[in-house]
Structures are given as C-alpha cells and as structure tokens.
Amino acid sequence: MGVSQAEFRKALGSFATGVTVITVDFEDKVHGMTANAFSSVSLDPLLVLVCVDHRARTHSHLHARKRFGVNVLAASQQAISEYHALPSPTHENAEREAGARFDRTQHGTPVLQGALAYLECRLHTAQDAGDHTIFIAEVEDVVVRAGDPLLYFRGEYRKIGGS
C-alpha cells in the first residue's frame, strides 16, 4: 500500500501552520523565501529548524552565509508571503510589489519590518533529507511584536477567527 505525493501533501495540509519568510544577506542583497516547514528544536541550547528544497534559490545562500533570519508573518503580510514564494532568482522588487521593507541587524541579516516575531539565527548543522535540507540553527536574538499571525491551512491563507 503506497501513498502518493498528492495524498501526502493533502494530509500535511490539514496541519495548520504559521507562515515565515527566511531572509539572508548574500552579496549585499536581501534574499528570502516563504517557509512553513519551521519549528523549534531545543530550549538548551536555543535551536530551531527550517526545511528548504534543494532547488530553492535561497538554499545555497544559507550554506554560504551560515546566518539567516526567520520572520514570523503577521495577518496583514500575505502579499509578502506570496511574493517570496515566487521562483524568481532575486527579490529586488519586494518593497514595490509586496510592501516588504527590511532593516539590518548588526550582523547584516535582513529583518522584515512589521513581522510578528523575528529570530536571528546562526547555522548549527545541515542535514540532507530527501529533496530538502534540514537547517538547524542557534537563535542569537529575538524580537516579538503584538498582533495576529498569518496562517496556512489546506492550501489557503487564513487568519485567526476567519477564512
């Protein structure tokens, strides 16, 4: 009895998740990708993980820079998620096309303005797992803001208490 990729995706789509944009500075440009395969790993030390498709343009940047940000999106940031989910080689029009504006940390890591939370991460380990790499990173700094999250459930963006 085998499970098809479509059945697998449908089953996992039943698990509601928050939405993040992973950001990395590469060659003085902001690169980002939308990700919902993000999770905490450990409280001691503070570790998180993000799973990234080998074909994603940001994949090699994460390996090269070994430092990235995890931006937890607010309910009002759906356009930013959609923009960073596009398979474009760069995101130089993020502000004009999606309203995404970034600040930089002291390490140069891009921080999305208005995100509910931001975690600055330093790569700890990377493990290939099928067609993805699991990037485990140590959290070095966090910023948390008030607001409601952007959610993803059964292939659609959702908001708390609504569709």
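The table that follows gives values for the structure above.
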{"quantity": "Mean Cα-pair separation over length for the chain, i.e. relative contact order, pairs under 8 Å, 6 or more apart, %", "calculated": "27 percent"}
{"quantity": "Simple spin-label estimate for S42 and R122 in nanometres, 7 Å along Cα-Cβ", "calculated": "1.5 nm"}
{"quantity": "Chymotrypsin sites (Phe, Trp or Tyr not before Pro) restricted to DSSP loop in the stretch 1-93 with at most 15 other C-beta within 10 Å", "calculated": "F15"}
{"quantity": "Student exercise, the chain dipole from Lys, Arg, Asp, Glu Cβ charges, in Debye to nearest 20", "calculated": "280 debye"}
{"quantity": "Alpha carbon convex hull of the stretch 75-147, projected area averaged over orientations, nm²", "calculated": "6.1 nm²"}
{"quantity": "E156/Q106 FRET efficiency (R0 35 Å; Cβ-Cβ; nearest 0.05)", "calculated": "0.40"}
{"quantity": "Neighbour net charge for P45 - beta-carbon separation under 11 angstrom, K R +1, D E -1", "calculated": "-2"}
{"quantity": "Segments 113-122, 69-78 sorted - mean Cβ within 10 Å per residue, highest first", "calculated": "69-78, 113-122"}
{"quantity": "Per residue, the convex hull volume that the Cα atoms of the chain enclose (Å³)", "calculated": "131 Å³"}
{"quantity": "S60-D131 pseudo-label distance in nm [points 7 Å out on the Cα-to-Cβ vector]", "calculated": "2.0 nm"}
{"quantity": "FRET efficiency, 1/(1 + (r/R0)^6) with R0 41 Å, evaluated for F8 and A146 via beta carbons", "calculated": "0.70"}
{"quantity": "Rotationally averaged projected area of the stretch 33-89 (alpha carbon convex hull; nm²)", "calculated": "4.6 nm²"}
{"quantity": "Most positive-pole-ward Cα, I22, V143, G2, against dipole of the chain from beta carbon charges", "calculated": "G2"}
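Laboratory data are not the source of any read-out in this text; all were calculated from the coordinates shown. For clarity, every value in this text was computed on a predicted model and none was experimentally measured. In this analysis, Cβ positions are derived from the backbone assuming ideal geometry, glycine residues included, and neighbour counts consider all displayed protein chains.
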